[in-house]
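The values are calculated or read from the model by the stated rules, or taken from the named source; none is laboratory data. Quick caveat: nothing in here was measured; it's all calculated off a predicted structure. Ideal geometry is used to build each Cβ from the backbone, glycine not excepted, and the neighbour counts take in all protein chains shown. Heads up: the accessible areas ignore ligands, DNA and RNA and are worked out on the full protein's heavy atoms, side chains in. Shrake-Rupley method; radii C 1.70, N 1.55, O 1.52, S 1.80 Å.
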Amino acid sequence: MRTAYSVETVRTAERALMARLPDGALMQRAAAGLAAACAQLLGRVYGSRVVLLVGSGDNGGDALYAGARLARRGAGVTAVLLSPERTHQGGLAALRRAGGTVADPSDAAEEAVRAADLVVDGIVGIGGKGGLRPDAARLAALAGASRAVVVAVDLPSGVEADSGQVRGDAVRADLTVTFGTHKPALLIDPAREYAGSVRLVDIGLELPEQAELEALQHADVAALLPVPPAESDKYRRGVVGIAAGSARYPGAAVLAVSGALRGGAGAVRYVGPAGSAVIARFPETLISDRGPARAGRVQAWVVGPGAGDDAATVAEVLEADVPVLVDADGLRLADRDAVRARTAPTLMTPHAGEAAALLGVAREEVEGARLAAVRELASRYRATVLLKGSTTLVADPDGGPVRVNATGTPWLATAGSGDVLSGLAGSLLAAGLSARDAASVAAYLHGLAGRYAADGAPAGAHDVAGAIPEAWRDVRG
């Protein structure tokens, strides 16, 4: 599992470690890792042209010490000092001793950036707020437009470490070399797209057990997947109820059922007006026309996909004493007090637009501050919330680490894909997973299935559902 920690936690750990080490040793560890990553990217260090964009603070010092290491190996290294009066003096002296040169943000510096093979972003540290200042923004833009590989020190300058927000101009890196632990912005959008690939350098930090963010990996998901024992029957494996679809949107019901059938539960019950469409596609589905309360035993419900204006069904499902997943139209129709009053787990699965409507803010506000939005929704509704997007976030109402998933592909942005995800997560709920685990595992499998279904070309939601078994087998290894 990958984890990310807040700036405050990282700084506390750094102070504790520095108190036990010789002066400057921690920065030298970071610089050594940074220089090694830069050398690997360059391939041939001797004769290469490296430009360091150096601000004040420790990130600038890391860049200068790393530049000195590259200069000693024959690289031509130029440091552009954006805050000359606050430049790390030890790092600057080391660079000069190694034969590096220094420039200020002038026309000559711009020419050096244009001609560079590699540009190191050491402008702003993890405590930076807001976008880059004009001189830095101009050089960052030149680096991005050049043929140089751009390497960020710890975090791309201009992105906010704890929130993942990008409030102005920021560096777009090809590689970010981060120290000690991931920072939240490296895992969540919009900041994540500025980081490029991320390499973690271990510098010996001792961090608390509970992180700010968690990102499941294959092994973590495999350990959570429901595997039926030999004596299982369909009821012991769990039955998921799907209350979805309408005369206008029967396909939503079909797609939700398609995801549910591949999610590990033993059976799927469908309730709603699209029964004929569902049974024609999936004859194994148990169809009921008696409403959710009298449909028969279920261990979890999914309500809302394609529901139109059927508020009564949403309300009836929310009264059930089993886990309930609310999606799509159900998010609009669900009474907040009814959700908050539930004693069984509730999982809500909005995209950014739906989350914005629930929070009463503009969609852009949610997209720019996704971590804050998912936490606020979980708290406001006392529910687990899965916020869809290029990085999916899962937050619990009682706090704790937010789960992050980035297995998806832009091809998943297609009609009906969310219905498949809802059915899949609902099935995992019925199979016995907690709301947090069901949401996290479903997002992971759904993202992988999207990759397999698309394989570099457009794919429909039904293709994604069909690829879930392949994703499941891949995770199980």
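Here Leu325 meets the list (1) closer than 20 Å to Val257 by Cα; (2) among the aliphatic types (A, V, I, L, M); (3) assigned to a helix (DSSP H, G or I) almost entirely, failing just condition (3). Collect the residues in the range 464-477 that are open to solvent by 10 Å² or more (accessible area, probe 1.4 Å) and touching a Ser or Thr at 6+ places or on another chain (Cβ under 9 Å), keeping them in residue-number order. Listed by number, the list holds a single entry, Gly466.
The residues on offer are Arg236, Arg248, Arg199, Arg290, and the sole one that is open to solvent by 80 Å² or more (accessible area, probe 1.4 Å), in a helix (DSSP H, G or I) and among the charged types (D, E, K, R) is Arg236. Residues of the range 84-119 that are over 20 Å from Val151 (Cβ atoms) and polar (S, T, N, Q): Gln89, Ser106.
Going by what's in this entry, would Gly241 be described as open to solvent by less than 50 Å² (accessible area, probe 1.4 Å) and within 30 Å of Val404 (Cβ to Cβ)? The answer is yes for Gly241.
In the range 276-305, the residues that are free of Cβ contacts under 8 Å to residues at least 40 places away in the same chain reach residues that are small (Gly, Ala, Ser) and open to solvent by 60 Å² or more (accessible area, probe 1.4 Å) with C-beta atoms within less than 9 angstrom, at least six apart or across chains, in these pairs: Ile287/Ser276; Gly291/Ala312. Number of residues in the range 175-196 that are part of a loop (DSSP other than H, G, I, E, B), in contact with a Leu (Cβ under 9 Å, 6 or more places away or on another chain) and touching a residue at least 60 places away in the same chain (Cβ under 8 Å) equals 5. Here Leu216 fulfils each of the conditions (1) surrounded by fewer than 21 Cβ atoms within 10 Å (Cβ to Cβ); (2) under 12 Å from the mean Cα position of the chain (by Cα) apart from (1).
Kindly evaluate Gly447 against the criterion of being at positive phi, surrounded by fewer than 24 Cβ atoms within 10 Å (Cβ to Cβ) and either in a helix (DSSP H, G or I) or free of Cβ contacts under 8 Å to residues at least 12 places away in the same chain (or both). The answer is no for Gly447.
Taking the range 377-436 as the region of interest, the strands (runs of 3 or more DSSP E) fully inside it that hold 2 or more residues being open to solvent by less than 20 Å² (accessible area, probe 1.4 Å) and under 20 Å from Asp474 (Cα atoms) are 402-405.
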